[in-house]
Every structure is written in C-alpha cells, then in structure tokens.
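Step one of this worksheet: look at the structure below.
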Amino acid sequence: MQGMLMAMLNDLTEEKAYKYITDDSQLLKRITGQQWQHFGNMARKAKMQPSQWKQSRSFLSEKRIDLLSVVINTPNGKEWLTRQVNIVNQNWVDCRIKN
C-alpha cells in the first residue's frame with residue numbers, strides 16, 4: 001500500500017502538492033473501491049504492512065526533496081500527509097477485513 005501512495009506522490013508537482021495541502025484535498029480520491037480491493041489483495045499476498053509517516057518522509061527525502069519541502073513548509077502540510085497515510089492504512093485494513 002505504501003507503494004501506491006509513493007507512486008501518487010512521485011507524480012505530483014510542487015504546485016499541485018501545495019494546492020492539495022491548502023485545500024485539504026485527499027490525494028487518493030481518484031482510487032475506486034475496486035482499485036482499493038485490487039491493491040489490498042496485492043498487499044496481502046506480499047505480506048505488506050501498513051504505511052507510516054516515517055516511510056513517506058524517507059521516500060520524499062530520497063526521491064522528492066522538492067515535495068518534502070512543500071509538505072514541511074506549508075501550514076498543515078505534515079498533518080495533511082499524515083492523513084493521506086492514514087487513508088491508505090484504513091483502506092488497507094478494510095480490504096483485509098473484507099477478504
């Protein structure tokens with residue numbers, strides 16, 4: 001599930017990240033229930049664990065320092081990213097419960 005979030009962050013521009021944060025928009029709102037189910041099945045088969053803020057920050061510091069800067073320097077940016085991680089985790093748990 002972490003990989004899905006990282007893929008979404010990897011494709012994000014600084015401007016869009018800022019807008020998502022300031023509008024408090026959900027980054028993964030385009031993911032359908034069927035896609036969550038598919039990702040959940042893949043995660044379960046791979047024995048993946050829930051995402052964590054530290055993993056997201058590590059990914060951003062290694063691959064997208066520009067986005068990390070936006071997250072850190074925008075008011076409520078860290079909280080926004082934490083919510084995105086929590087959304088991934090909740091969907092991961094929901095997918096596990098359903099199967």
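Structural remarks
- Using a Förster distance of 25 Å, the FRET efficiency for Asn10-Gln90 (Cβ separation, nearest 0.05): 0.70
- Between Ser25 and Ile65, the C-beta separation translates, for a Förster distance of 22 Å, into a calculated FRET efficiency of about 0.50.
- Heavy-atom accessible area with a 1.4 Å probe sorts Asp66, Asp24, largest first, into Asp24, Asp66.
The values are calculated or read from the model by the stated rules, or taken from the named source; none is laboratory data. The shown structure was predicted, so the numbers you read here are calculated from the model rather than taken from an experiment. Cβ coordinates were reconstructed from backbone atoms using ideal geometry, including for glycine residues, and neighbour counts include every protein chain displayed. What goes into the accessible areas is simple: the full protein's heavy atoms, side chains included, and nothing from ligands, DNA or RNA. Shrake-Rupley method; radii C 1.70, N 1.55, O 1.52, S 1.80 Å.
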